[in-house]
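The values are calculated or read from the model by the stated rules, or taken from the named source; none is laboratory data. Quick caveat: nothing in here was measured; it's all calculated off a predicted structure. Cβ: placed from backbone, ideal geometry, glycine included. Neighbour counts: every protein chain shown.
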Amino acid sequence: MKKNTISLGGLDLLASAVLLFDADGHIIYVNPAAENLLESSSKTLLNQTLAELFLSNEELAVLFQDALEHVFADKRQDLTLERMGREPLQVHVVVTALDNPDAPVLIELRENLQQLKLDREERLLDQSQANKELIRNLAHEIKNPLGGIRGAAQLLELELPERHLKELGEYTQVIIKEADRLQTLVDRLLAPHRRPHIVGDVNIHEVCERVRSLITSEFPNGLKIRRDYDLSIPEFRGDKEQLIQAVLNIAHNAAQVLATRMKSGDAELILRTRIARQVTLAKVRYRLALDLHIIDNGPGIPPDIRDRIFYPLVSGRDGGSGLGLTLAQTFVQQHMGVIECESRPGYTDFRILIPLP
């Protein structure tokens, strides 16, 4: 079909993906948004059928046939469309029957952002649970032999002859100090699982002010901490110390990566609180939720670790332990909340969502 037999100028400007089909089920037109969504050029997509485009196309094929036979004027449905060698598409599909023999069916695809968000949260929860089990098991496996290694090094040092103590004692001290360092790391890994969850009334702005005070005292020069609070946010039941630690871990990471900007005097950290309404967290719908943002104007999270920042021992900073965000995530999840992150050079936003009463 030639493009001038139907007005397509408006379709080219749509943000949603649009595909036009002929009566035999072949694609005869795709707009730029469809090329972008399907990650293929119009030249590649033209003349393909639904069966060639998607592996799981049965439901969409039924909708196409019903539209072709004018069973309905248009129909909407949420679908997961599998593709060969690519990520599945979570989309809201609109199938429309057209009064045009050359192009009888139009299919519009819109990314189902809510479903994508739910899937991402579910993956994060599963990942977090797996991390907890791994950390607990690994920490306990390390702890016992570590104590034995340290004890053996101490006994060995006591048995060293006086004439060799200065020379060989350095080696036993290395063993003891490294064993102590690993013991500290293991204790930090186990900390969230050992400490009882102490619940009380929490004012989130008291939490933010405590964090601001701690960051200011450690980074007194070159860092501006801006407060943007919604003072109408109610108190809620939670563990204040855990939440202070969670926010502090994120803010402290941000302050550390702002070192270069601090030297030039334009480093900025923003603590912002808002109320989010009708929020779904871990498949549960809440009327209200705390919406806390910790925003910095640093270099951003390196792309190669962006999807793994909540994994234990993953750090984007030299000398970092890679535990700060893992612990923050654990503490927030114990409050039925989630942490989301958006990052690009010059802007990183960690968003904490926690249900409110």
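Here are some notes:
- Test: residue in region 227-249 that is of a type in the set (Val, Ile, Thr), under 24 Å from the mean Cα position of the chain (by Cα), more than 16 Å from Cys341 (Cα to Cα) and part of a helix (DSSP H, G or I): yes
- When we screen Ile244, Ile215 for residues that are at pLDDT 90 or above, closer than 25 Å to Arg287 by Cα, assigned by TED's automatic domain parsing to the domain that holds Phe310 and surrounded by 15 or more Cβ atoms within 10 Å (Cβ to Cβ), the only hit is Ile244.
- Exclusive hit being part of a helix (DSSP H, G or I) and at pLDDT below 75, set Leu156, Leu146, Leu189, Leu168: Leu189
- Among the criteria (1) at pLDDT 90 or above; (2) surrounded by 19 or more Cβ atoms within 10 Å (Cβ to Cβ), the one Phe236 does not fulfil is (2).
- Pick from region 192-212, criterion outside any loop (DSSP other than H, G, I, E, B) and either at pLDDT below 85 or touching a Ser or Thr at 6+ places or on another chain (Cβ under 8 Å) (or both), ranking: farthest from Arg351 (Cα to Cα): Arg194
- Helices (runs of 4 or more DSSP H) contained in region 1-104 and holding at least 1 residues of a type in the set (Ser, Thr, Tyr): 42-45
- Here Val202 fits the description: farther than 30 Å from Leu138 by Cα and not hydroxyl-bearing (Ser, Thr, Tyr).
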